[in-house]
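Q: I have a structure here, written as C-alpha cells, and I will follow up with some questions on it.
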Amino acid sequence: MLARIWSASLVGIDAVKVGVEVDVAGGLPGIVVVGLPDTAVQESRERVKAALKHAGYAFPMRKIVINLTPADLRKEGPSFDLPISVGILAASEQVSPQLLEDYLFLGEVSLDGGLRPVAGVVAIAATARQIGIKGLVVPIDNAQEAAIVGGLTVYGFQHLSEVADFLNHADRYQAVKVNGAEELARSRFQGLDLRDVKGQAQARRALEIAAAGGHNLIFVGPPGSGKTMLARRLPGVLPPLTFEEALEVTQIHSVAGLLKEKGSLVSDRPFRSPHHSASGPSLVGGGSFPRPGEISLAHRGILFLDELTEFKRDVLEFLRQPLEDGQVTISRTRQSVSFPAKFTLVASTNPCPCGYFGDTIQPCTCTPRHREQYWAKLSGPLMDRIDLQVAVNRLKPEEITQQSLGEESGAVRQRVQIARARARDRFQQEALHCNTEMQGRHLRQWCQLESTTRLLLERAINKLGLSARATDRILKVARTIADLEASDHLQTPHVAEAIQYRTIDRMQ
C-alpha cells in the first residue's frame, strides 16, 4: 500500500514543503530511502525500525521504499523521522490516513519511540501557513514555537504512540494555543542599565543617537575607559521589538537551533558578541547546508565587536555588503541562500597598539609608523559605514568616586521611541524602519540644507577627506539628531554635531 505524508525541509530561513511517500510492497525485507537524503535521513531507517517496535507496532517485514519529493532538493537532518514512521504505519494500515493530507509532520524519533525537538520549526510553521496547510504535528518541546506563528492548528506529542492514537482518534486531543502578542507584552527587559555609567557624556549621547536612528557606532579609547561597559548597555535604550520583528528574530534563532534557551519567542533585541578569533563564515553564515551566522543572529539587534582591530582584516571585509544591503547571500553549487542581516554594528578598539595614544596620564610608547599600521587594519570603506566614531577618555578621579547615578536607560529609551515614531510617520509610504536605512532619494527629500549649513558640511568634507558615503552618513545622523529634538528640518547645530562624530575617521 502507498501512503503520502507532508513534511518540510529548510532552505536558509525559509522552508520547502516535502512529500514523504512510503510504499510497502512485496519483495525482500528492507528499507530504501531516495530523494537526495543526507546521512542523518539515511540513518532514520534504523531509528524508525527500533522506535516502531518499542512503541508496540508491527514493523512490516516487506520491501519498503521511501521517496522524498521534490527529488532534486537535498534533504537533511532528523526531522523526517516522524513523517517516515507515520508513513510506514499508514502504508501498513495501522493508522488511519484520513488526516495525513491536512497536517505537516516534523520530529526526531528516539529508539524507544520518544519524540525529540528539531530546529527550524518556526520557519516551517510560517511556510505551512502560507501554503495553506491546516496544522502541524511536532514534538511537545517544539509545540509552543510552532503555535507562536498563529493561523495553524498545532499538536505536540511526547511519544510516537500518541501520534498514532491522534491519527485514529483526533477528537481526544487539544491543540496547543499561544498568543504571541500577549507573550511579547508580558516580557520585561532584564539587561544592563545606563545609569551605572559614570561620566562619559558624549559617549552616552552617541548611544542615544545610535538607538534612535539605528546607526553603527565605534568607541575608541584607552583600556579601562568603559568602552565595553557602554556598548553592553545599548540594548537597554533600544525600543522593544514589535511582534513582527520578534517573529523574524525567532525564525532565525529557530533555524540556528538556539531557540530552546530563549523560549518560544525571542522578546529582547539580540546582542551578539563574537570573539576576535571568529572566522568569516562564522560571521556571515555558511556550511554545506547554509546556516545563519553571527550577523544574521544579530538581526534587529546589535553585533558587538570588541577589540575591532584584533579581528582579521579579511574577516571584517565580510561586513561591508551586509552593512549596506541589510542581508547576506551565500552561494553554493546547488543553491543560493539569503539571510536577513539588519543589525546595528557596535565596535570598540584602542587608539594604538599600546592603547594609550592621546591619554592624559599614561604615555604612548608607539611610533607613528606603528599607529599607522594599526589603523590600516580597518579599511576606509568599512569606517565609512560606521556613522558614529566616538573617543572615550579615561574618567577623572572625581568622576570615578562620585556616588550619584546617571540617567537611567528607561528615560533615554522614551526619547528614542519618540524619535523613532517621528521617523515612522515620515516613512509611512516607504519600506524603511529607521533613518540609517535611507537612500539617496530619501536624503534629498528629508535632509535638505540651508546655504550656511551646506557650507559647513563642505568644509568638513575637505578637511576630513570624507567620501560621498561618509557624507551621506553624516546627513543620516543629523536627521536622527533633529528627530530627537522634534525638528522637521535639519539645522546647522544638527549637522555640526553629526560632523564631530567623524573626527577619528582617519586616526593614526
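The values are calculated or read from the model by the stated rules, or taken from the named source; none is laboratory data. Quick caveat, the model's predicted, so the values are computed rather than measured. Cβ sites come from the backbone with ideal geometry, for glycine too, and all protein chains shown count toward neighbours. These area figures cover heavy atoms from the full protein model, side chains too; ligands, DNA and RNA do not enter into them. Shrake-Rupley method; radii C 1.70, N 1.55, O 1.52, S 1.80 Å.
Q: Between residues in the range 215-229 that are in contact (Cβ under 8 Å) with a residue 12 or more places away in the chain and in a strand (DSSP E or B) and residues that are among the charged types (D, E, K, R) and buried (at least 22 other Cβ atoms within 10 Å of the Cβ), which pairs lie under 8 Å by C-beta distance while being six or more apart or on different chains?
A: L217/D387; F219/K227; V220/K227
Q: Right, something else. When you scan the range 174-214, how many residues do you find that are of a type in the set (S, T, N, Q), in contact (Cβ under 8 Å) with a residue 60 or more places away in the chain and over 20 Å from R415 (Cα atoms)?
A: Adding up the residues that qualify gives 1.
Q: Looking only at helices (runs of 4 or more DSSP H) that lie completely in the range 391-508, which have at least 3 residues being modelled with pLDDT of 90 or more?
A: Result: 409-426, 440-446, 451-464, 468-484, 492-500.
Q: Moving on. R473 fails exactly one of the following numbered conditions: (1) buried (at least 16 other Cβ atoms within 10 Å of the Cβ); (2) over 31 Å from the mean Cα position of the chain (by Cα). What is the number of that condition?
A: (2)
Q: Right, next: If we only count strands (runs of 3 or more DSSP E) wholly inside the range 234-343, which ones have 1 or more residues that are open to solvent by less than 10 Å² (accessible area, probe 1.4 Å) and touching an Asp or Glu at 6+ places or on another chain (Cβ under 9 Å)?
A: Here the list reads 302-305, 336-340.
Q: Can you name the condition, by its number, that I386 falls short on among (1) part of a loop (DSSP other than H, G, I, E, B); (2) touching a residue at least 40 places away in the same chain (Cβ under 8 Å); (3) more than 23 Å from R469 (Cβ to Cβ)?
A: Checking I386 against (1) part of a loop (DSSP other than H, G, I, E, B); (2) touching a residue at least 40 places away in the same chain (Cβ under 8 Å); (3) more than 23 Å from R469 (Cβ to Cβ), the one that fails is (3).
Q: While we're on this one: For the range 476-496, enumerate the residues that are open to solvent by 20 Å² or more (accessible area, probe 1.4 Å) and free of Cβ contacts under 8 Å to residues at least 60 places away in the same chain.
A: E485, D488, H489, Q491, T492, P493, A496, listed by residue number.
Q: Between a residue in the range 277-290 that is within 17 Å of P340 (Cα to Cα) and any residue that is at pLDDT 85 or above and open to solvent by 20 Å² or more (accessible area, probe 1.4 Å), which pairs come within a Cβ distance under 6 Å, given they are 6 or more apart or on different chains?
A: Within 6 Å, the pairs are G280/F318; L283/E294; L283/F318; V284/F318; G285/R291; F289/E76.
Q: While we're here: Considering the range 359-383 alone, what residues qualify as being within 26 Å of V477 (Cα to Cα) and either touching a Pro at 6+ places or on another chain (Cβ under 9 Å) or touching a residue at least 40 places away in the same chain (Cβ under 8 Å) (or both)?
A: We begin by selecting, within the range 359-383, every residue within 26 Å of V477 (Cα to Cα); these are 375-383.
Within the range 359-383, W375, K377, L378, S379, G380, P381, L382, M383 meet the criteria.
Q: Need the failing condition index for G12 against (1) of a type outside the set (S, T, Y); (2) open to solvent by 20 Å² or more (accessible area, probe 1.4 Å); (3) farther than 23 Å from S161 by Cβ, just the number.
A: Unmet for G12, out of (1) of a type outside the set (S, T, Y); (2) open to solvent by 20 Å² or more (accessible area, probe 1.4 Å); (3) farther than 23 Å from S161 by Cβ: (2).
Q: Additional query: Of all residues being open to solvent by less than 40 Å² (accessible area, probe 1.4 Å) and not β-branched (V, I, T) in the range 30-51, which is nearest to S110 (Cα to Cα)? Just the residue, please. Break it down into steps so the answer makes sense when it comes.
A: Taking the range 30-51 as the starting set, the residues that turn out to be open to solvent by less than 40 Å² (accessible area, probe 1.4 Å) are 30-31, 33, 35, 37-38, 40-41, 44, 48, 50-51.
Checking which are not β-branched (V, I, T) leaves us with 30, 35, 37-38, 40, 44, 50-51.
Working: G30: 20, G35: 23, P37: 19, D38: 18, A40: 13, S44: 10, A50: 8, A51: 6 Å.
Filtering the range 30-51 for residues that are open to solvent by less than 40 Å² (accessible area, probe 1.4 Å) and not β-branched (V, I, T), the one nearest to S110 (Cα to Cα) comes out as A51.
Q: Every residue in the range 173-206 that is open to solvent by less than 70 Å² (accessible area, probe 1.4 Å), in a helix (DSSP H, G or I), aliphatic (A, V, I, L, M) and under 14 Å from G406 (Cα atoms), please.
A: Scanning the range 173-206 gives L194, A203.
Q: Looking at this structure, is G151 on the phi > 0 side of the Ramachandran plot and of a type outside the set (F, W, Y)?
A: In short, yes.
Q: Take Q389 and tell me if it is open to solvent by 50 Å² or more (accessible area, probe 1.4 Å) and within 33 Å of the chain's Cα centre (by Cα).
A: No, not satisfied.
Q: Please name all residue pairs, on different chains or six or more residues apart, with Cβ atoms under 7 Å, provided the first residue is in the range 301-312 and is in contact (Cβ under 8 Å) with a residue 40 or more places away in the chain and the second residue is part of a loop (DSSP other than H, G, I, E, B) and among the hydroxyl-bearing types (S, T, Y).
A: Pairs found: F304/S273; D306/S273.
Q: Still on this structure: V346 fails exactly one of the following numbered conditions: (1) surrounded by 20 or more Cβ atoms within 10 Å (Cβ to Cβ); (2) touching a residue at least 40 places away in the same chain (Cβ under 8 Å); (3) more than 29 Å from P223 (Cα to Cα). What is the number of that condition?
A: With (1) surrounded by 20 or more Cβ atoms within 10 Å (Cβ to Cβ); (2) touching a residue at least 40 places away in the same chain (Cβ under 8 Å); (3) more than 29 Å from P223 (Cα to Cα) applied to V346, the lone miss is (3).
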